[in-house]
Amino acid sequence: MSEFLEFENVSKSFGAIRAVDGVSFSVKRGEFFSLLGPSGCGKTTLLRIVAGFEQPDAGRVRLDGQDLTDLPPHQRPVNTVFQSYALFPHLSVRENIAFGLRVAGRPRREIREEVDKMLRLIRMEDQAHKKPAQISGGQKQRVAVARALINRPRVLLLDEPLAALDLKLRQHMLLELDLIHDEVGITFLYVTHDQTEAMSVSDRIAVMNGGRVEQIGTPTEVYEAPRSSFVAAFIGDTNFFDGVVTALEDHDYCRLSIQGLPDVLCYNDKQNQPGDPVHLIVRPEKFRISPEPPPADPRRNTLEGVVEDVIYMGNHTRYWVRLDGHRLAVFQQHRRFMLDEKPIRWNDRVWLSWDANDGYMLERYNVSDERLVQRPPDVLTTTKST
Amino acid sequence: MKTSRVPAMTMWLTLVFFYLPIAVLVLDSFNASRFAGTWGGFSFRWYARLWREQEIWHALRNSMLVGVAATVVSTVLGTSAAFALHRYRTRLQAAHYALIYTPLVVPEILMGMSLLILFVSLRVQLGLFTVFLAHVTFCLSYVTMVVLARLQDFDYSIIEAAMDLGADWRQALWRVLIPLLAPGIMAGALLAFTLSIDDFVTTFFVAGAGATTLPIRVYSMIKHGATPLINALSTLLLALTFLVVWTAQRLIRDNSGRAVPGGGERR
């Protein structure tokens, strides 16, 4: 696969705010590529630069080798699904979908056939005569997708297309988008602030923060091997540890000294040397929690703590465990029939263990990113722990 | 449950307050007697007289000419102004808004006088053309305000969507923007036309000797005491107005699937 949609050093400011700050990356042909980040991270601006609604202050955007940067929106071989759908309220569903072909002056018969095809794709043949005001949110979204696809764009741009839908519908539409992507084989550039959306459908994700790309990778890569504390905290839950390398073991592992905890073993993919400060993350589901000390295993780290909070979620339980100076989030899947198990309760003494391969050391760390991780407030736990 | 009778009574009183004078006028136009106080029997006598009154028809022709021309020009200019005001929020546009808004609050007599002084000092021959210019100046403000109100809930991404789908600005304008704003533009045009047709004060100042419009003609008729004739004329105009408003609302409803949001307010 070659580089298809390329961003080269793209920057865009609005007044004093640098919305996009020297971004360079490329999207492959046929990919479902997501731009993921919090609001104001520049993802929508980047999308609008591709569509031609914004002009970058610097940098180029190329599509299959062709420079798009100076083309007006109506001459670009890309189409957009807007967050507000932006359907034409005075036109019927059929006329909305036909719009792109109508302005291109295509013959009437061809337009009818193409629109019929699109209506079948979004399964709305029987709603074709309705006005946008008469159909539901999910249907509007489908019409918006069909309207954008009928021009056979080289890239389909989707700007938070599911943000206006409720949770159930959102999950359903996400699957549908994925199916449409597979069916039409067009490159999708998908903008969202919702990490579960991005994780579940994307081939690759670019995580953005403050106008820059923090990391690009497959969903598994950005989740399991985040490069920065921002990516680690923005995607999923995580536990942060600050430590110093004290020794190397077995070539591939290093021993870390962490304030208030016994030394832990960690896979040393970064080739850290003794004395290097490191930032370790352990995802909550990597822990195993047990009311008794686990059997000794040189590859596993074991910590002892007190349960501070328990939230039963049905298929799993979330525990917050207090250790000396630390509060760790632990998710435990329930593979057994829970009524037969002896439950872990508040104030129980527990042992947490994790494999040395399951921790990951960050390249970049910023203490303010820890605030992105959701934690129960401290106030509740102090009243409970008496 | 017992409902209060107050709302219904208020409604009837308001309607009577509004329409009783008009009802009396319509009734009187069919009164054979010359005097409003006495009923001389049903008759089309005044309508027949009206038919032969050449000067009235001439004045009506002038009014229509000015009205149509002023409506067309002020609708085009006013719609453009509204779009500029909505789209660009700069300090210049704030001044623009204030300047457009001012004619709505300036006393009409002042408008008329200042226009007269302007025309005279520029040595423009007073006549239908000056009346037309004067009407455009005040109609413009009303059209702008009505279209601007329509634009308030306008989602600009719809225009972006049109461009995105391959429409150049001309296609976006004719296929999307104008059809969407049509109810507002229609309402503005209707308002401009009505304002132009019944304007008296400004017209009185800037109309030359040959450029008598209907309101000015009616005024001079009242001075000569021809009230039954005016009753007949008013009844015809009333019927015409209802017809125009009714068809306009029908048209608008058919186009957009919903009724026109209030025709705007008159001064």
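I'd like to verify a number: residues in the range A:338-354 that are within 32 Å of the chain's Cα centre (by Cα), touching a residue at least 40 places away in the same chain (Cβ under 8 Å) and loosely packed, with under 15 Cβ neighbours inside 10 Å, how many?
Within the range A:338-354, residues that are within 32 Å of the chain's Cα centre (by Cα), touching a residue at least 40 places away in the same chain (Cβ under 8 Å) and loosely packed, with under 15 Cβ neighbours inside 10 Å number 0.
Take the range A:56-75 and flag every residue that is within 14 Å of chain B (Cβ to nearest Cβ) and in contact with a strand residue (DSSP E or B) (Cβ under 8 Å, 6 or more places away or on another chain). Please lay out each step first, then the result.
Taking the range A:56-75 as the starting set, the residues that turn out to be within 14 Å of chain B (Cβ to nearest Cβ) are A:68, A:71-75.
A:68, the sole residue that qualifies.
Give the residues of the range A:144-162 that are basic (Lys, Arg) and more than 9 Å from every other protein chain (Cβ to nearest Cβ), sorted by residue number. Let's see the steps before the verdict.
First, pick out the residues of the range A:144-162 that are basic (Lys, Arg): A:147, A:152, A:154.
Scanning the range A:144-162 gives A:152, A:154.
Which one of A:133, A:198, A:128, A:146 is closer than 23 Å to residue A:26 by Cβ and not hydroxyl-bearing (Ser, Thr, Tyr)? Before you say what the answer is, go through the steps one by one.
Values: A:133 fails: closer than 23 Å to residue A:26 by Cβ; A:128 fails: closer than 23 Å to residue A:26 by Cβ; A:146 fails: closer than 23 Å to residue A:26 by Cβ.
Being closer than 23 Å to residue A:26 by Cβ and not hydroxyl-bearing (Ser, Thr, Tyr) holds for just one of A:133, A:198, A:128, A:146, which is A:198.
Scan A:53, A:99, A:33, A:82 and give me the residue that is away from chain B (no Cβ under 14 Å) and hydrophobic (A, V, I, L, M, F, W, C). Reasoning before the result, please.
Details: A:53 fails: away from chain B (no Cβ under 14 Å); A:99 fails: away from chain B (no Cβ under 14 Å); A:82 fails: away from chain B (no Cβ under 14 Å).
Step by step, each of A:53, A:99, A:33, A:82 is checked, and only A:33 is away from chain B (no Cβ under 14 Å) and hydrophobic (A, V, I, L, M, F, W, C).
Kindly check whether there is at least one residue in the range B:233-243 that is within 14 Å of another protein chain (Cβ to nearest Cβ) and either at negative phi or not in a helix (DSSP H, G or I) (or both).
Initial filter on the range B:233-243 (within 14 Å of another protein chain (Cβ to nearest Cβ)): none.
No, every residue in the range B:233-243 fails to be within 14 Å of another protein chain (Cβ to nearest Cβ) and either at negative phi or not in a helix (DSSP H, G or I) (or both).
Looking at B:98, B:82, which one is in contact with a Lys or Arg (Cβ under 9 Å, 6 or more places away or on another chain), assigned by TED's automatic domain parsing to the domain that holds residue B:180 and either over 30 Å from residue B:222 (Cβ atoms) or of a type outside the set (Asp, Glu) (or both)?
Residue meeting the stated conditions: B:82.
Could we say that residue A:227 is out of contact with any helix residue (DSSP H, G or I) (no Cβ under 7 Å at 6 or more places or on another chain), free of Cβ contacts under 8 Å to residues at least 12 places away in the same chain and basic (Lys, Arg) here? Explain how you work it out, then say what you get.
On the way: out of contact with any helix residue (DSSP H, G or I) (no Cβ under 7 Å at 6 or more places or on another chain): yes; free of Cβ contacts under 8 Å to residues at least 12 places away in the same chain: no; basic (Lys, Arg): yes.
So residue A:227 fails the test.
What's the number of the only condition in (1) away from chain B (no Cβ under 13 Å); (2) basic (Lys, Arg); (3) over 30 Å from the mean Cα position of the chain (by Cα) that residue A:123 fails to meet?
Result: residue A:123 passes all but (3).
Tell me the residue from A:183, A:197 that is at pLDDT below 95, in contact with a Leu (Cβ under 8 Å, 6 or more places away or on another chain), under 14 Å from residue A:38 (Cα atoms) and of a type outside the set (Gly, Ala, Ser), please.
Numbers: A:183 fails: under 14 Å from residue A:38 (Cα atoms).
Answer to the check: A:197.
At least 2 residues that are touching a helix residue (DSSP H, G or I) at 6+ places or on another chain (Cβ under 6 Å), buried (at least 23 other Cβ atoms within 10 Å of the Cβ) and within 14 Å of another protein chain (Cβ to nearest Cβ) in each: list the helices (runs of 4 or more DSSP H) lying fully within the range B:115-232 that qualify. Working first, answer last.
Working: elements: B:128-151, B:157-164, B:169-172, B:178-197, B:201-206, B:214-223.
Ranges flagged: B:157-164, B:178-197.
For residues in the range B:87-114 being in contact with a Leu (Cβ under 9 Å, 6 or more places away or on another chain) and in contact (Cβ under 8 Å) with a residue 40 or more places away in the chain, which is surrounded by the fewest Cβ atoms within 10 Å (Cβ to Cβ)?
B:87
For the range A:85-96, what are the residues that are out of contact with any Gly (no Cβ under 9 Å at 6 or more places or on another chain), of a type outside the set (A, V, I, L, M) and facing chain B (nearest Cβ under 8 Å)? Lay out the reasoning, then the answer.
The initial filter retains those residues of the range A:85-96 that are out of contact with any Gly (no Cβ under 9 Å at 6 or more places or on another chain), namely A:86-88, A:91-96.
With the extra rule that they be of a type outside the set (A, V, I, L, M), the set shrinks to A:88, A:92, A:94-96.
Answer for the range A:85-96, where residues must be out of contact with any Gly (no Cβ under 9 Å at 6 or more places or on another chain), of a type outside the set (A, V, I, L, M) and facing chain B (nearest Cβ under 8 Å): just A:88.
Given A:212, A:147, which one is in the same structural domain as residue A:52 (by TED's automatic domain parsing), over 21 Å from residue A:121 (Cβ atoms) and in contact (Cβ under 8 Å) with a residue 12 or more places away in the chain? Spell out how you get there, then give the answer.
Working: A:147 fails: over 21 Å from residue A:121 (Cβ atoms).
Just a single option satisfies the conditions, and that option is A:212.
Among the residues of the range B:124-134, is any among the polar types (S, T, N, Q) and within 15 Å of residue B:195 (Cβ to Cβ)?
We begin by selecting, within the range B:124-134, every residue among the polar types (S, T, N, Q); these are B:125, B:130.
Checking the rest, the ones that are also within 15 Å of residue B:195 (Cβ to Cβ) come to none.
Within the range B:124-134, none of the residues are among the polar types (S, T, N, Q) and within 15 Å of residue B:195 (Cβ to Cβ).
Between A:195, A:171, A:215, A:134, which is polar (S, T, N, Q) and within 14 Å of chain B (Cβ to nearest Cβ)?
Just one listed residue meets the conditions, A:134.
So is residue B:4 part of a loop (DSSP other than H, G, I, E, B), within 13 Å of residue B:231 (Cα to Cα) and of a type in the set (Gly, Ala, Ser) or not?
Numbers: part of a loop (DSSP other than H, G, I, E, B): yes; within 13 Å of residue B:231 (Cα to Cα): no; of a type in the set (Gly, Ala, Ser): yes.
Spelling it out, it is not the case that residue B:4 is part of a loop (DSSP other than H, G, I, E, B), within 13 Å of residue B:231 (Cα to Cα) and of a type in the set (Gly, Ala, Ser).
Consider residue B:45 against the criteria (1) basic (Lys, Arg); (2) closer than 23 Å to residue B:197 by Cα; (3) surrounded by 14 or more Cβ atoms within 10 Å (Cβ to Cβ): it satisfies all of them except one. Which criterion is unmet?
(2)
If you take the residues in the range A:355-381 that are in a helix (DSSP H, G or I) and of a type in the set (D, E, K, R), which one is surrounded by the most Cβ atoms within 10 Å (Cβ to Cβ)? Let's see the steps before the verdict.
Quick first cut of the range A:355-381, residues in a helix (DSSP H, G or I) only: A:356-358, A:367-372, A:378-381.
Subsequent filtering for residues that are of a type in the set (D, E, K, R) retains A:358, A:369-371, A:378.
Details: A:358: 17, A:369: 20, A:370: 15, A:371: 9, A:378: 9.
Once the filter is applied, the top-ranked residue is A:369.
Kindly indicate which of B:34, B:5 is loosely packed, with under 10 Cβ neighbours inside 10 Å and among the charged types (D, E, K, R).
Numbers: B:34 fails: loosely packed, with under 10 Cβ neighbours inside 10 Å.
Step by step, each of B:34, B:5 is checked, and only B:5 is loosely packed, with under 10 Cβ neighbours inside 10 Å and among the charged types (D, E, K, R).
Among the residues of the range A:242-257, what is the count of those that are surrounded by fewer than 20 Cβ atoms within 10 Å (Cβ to Cβ) and outside any loop (DSSP other than H, G, I, E, B)?
If we filter the range A:242-257 for residues that are surrounded by fewer than 20 Cβ atoms within 10 Å (Cβ to Cβ), which is where we start, we get A:242, A:244, A:246-253, A:255, A:257.
If we keep only those that are outside any loop (DSSP other than H, G, I, E, B) too, we end up with A:242, A:244, A:246-249, A:253, A:255, A:257.
Selection size over the range A:242-257: 9.
The values are calculated or read from the model by the stated rules, or taken from the named source; none is laboratory data. Only a predicted model underlies this, so the values are computations on that prediction, with no experimental measurement involved. Backbone-built Cβ (ideal geometry, glycine too); neighbour counts: all protein chains shown.
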